[in-house]
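The values are calculated or read from the model by the stated rules, or taken from the named source; none is laboratory data. Please read these numbers as outputs of a predicted model, since none were measured by experiment. When we count neighbours, we look across all protein chains shown, and the Cβ atoms used for this are built from the backbone with ideal geometry, even at glycine. Each accessible area value is taken on the protein alone, full model and side chains, heavy atoms only, with ligands, DNA and RNA left out. Shrake-Rupley method; radii C 1.70, N 1.55, O 1.52, S 1.80 Å.
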Amino acid sequence: IKLLRKRDWDRIGVKELASFAGIARSTFYLHFQNKDELLDAGFSSLRKFVLAAHQPQTDHRFGFIEPLAEHLFENRELFLALAGTHASGVVRSKFMTLLVGLFDDAIKDDRADHEALSRFLAGGFVELAALQMAKRGNTAASFSATFEHLLRATLGAHHLNHVQVHAN
């Protein structure tokens with residue numbers, strides 16, 4: 001994370017990643033074929049964390065928003081550097097794919113336009129998070145409340161409160 005705060009992901013090589021982590025390149029390659037596979041594993045872990053933190057017994061199918069917001073606000077600098085409004089490249093793309101998947105899982109059974117709506121919500125999530133993070137004093141809770149208000153305006157309250165259980 002410290003390395004990513006200093007340099008853009010696209011400009012960091014495996015040799016530099018391994019050296020910074022204090023491991024040999026051969027050790028890195030025992031676990032990952034390339035740095036993008038490492039990035040994929042990180043986003044996969046984040047998805048699992050967010051979904052595990054979401055309480056499925058609640059009546060809110062977008063319950064992943066609060067734990068994700070808490071994680072992002074705890075890692076504010078990293079989020080703004082890697083996935084925020086001014087970031088570019090593979091990291092932002094993979095983060096957007098993660099978000100689109102989370103939103104799509106929450107709405108796909110209800111709407112024919114779920115793919116477009118999922119992309120719209122993911123983009124709004126990133127932009128609002130970047131905006132609120134840029135203003136000191138905002139919290140994950142205030143972000144979640146604002147985003148949920150916008151979700152209600154976009155989808156209607158009945159879409160937020162419907163329980164949807166997906167097999168994992």
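Please give the net charge around V126, taking every other residue with its beta carbon less than 15 angstrom from that of V126, where Lys and Arg add +1 and Asp and Glu add -1. Net of charged neighbours comes to +3. Gain on full extension, evaluated as 0.36 nm per residue between E148 and A53 minus their Cα-Cα distance, stands at 32.5 nm.
Around the Cα centre of region 1-150, unit charges on the Cβ atoms of Lys, Arg, Asp and Glu (plus for the first two, minus for the last two) sum to a dipole of about 800 debye.
Peptides 14-22, 127-135, ordered by how many other C-beta atoms sit within 10 Å of their residues on average, highest first, read 127-135, 14-22. Its Cα centre serving as origin, region 2-52 has a Cβ charge dipole (Lys and Arg +1, Asp and Glu -1) of approximately 240 debye. Note on K108: lysines with a C-alpha under 25 Å away, same-chain residues under 8 apart excluded, are K48, K94. The protection proxy used here, the mean number of other Cβ atoms lying within 10 Å of each residue, ranks peptides 99-106, 74-81 as follows, highest first: 99-106, 74-81. Rolling a 1.4 angstrom probe over the protein heavy atoms with all chains in place gives region 1-146 an accessible area of 56 Å² per residue.
Projecting the Cα atoms of F103, L117, L128 onto the dipole axis of region 98-152, where Lys and Arg carry +1 and Asp and Glu carry -1 at the beta carbon, places L128 farthest toward the positive end.
Shown for region 1-80: the carbon plus sulfur share of the solvent-accessible area, taken with all protein chains present and a 1.4 angstrom probe, equals 52%. Charge tally for N138 (other residues, Cβ to Cβ under 15 Å; Lys, Arg +1; Asp, Glu -1): -3. Would any residue of region 1-24 have its amide N under 17 Å from a label point 7 Å out along Cα→Cβ of Q33? List them or say none. Only 14 pass the distance filter.
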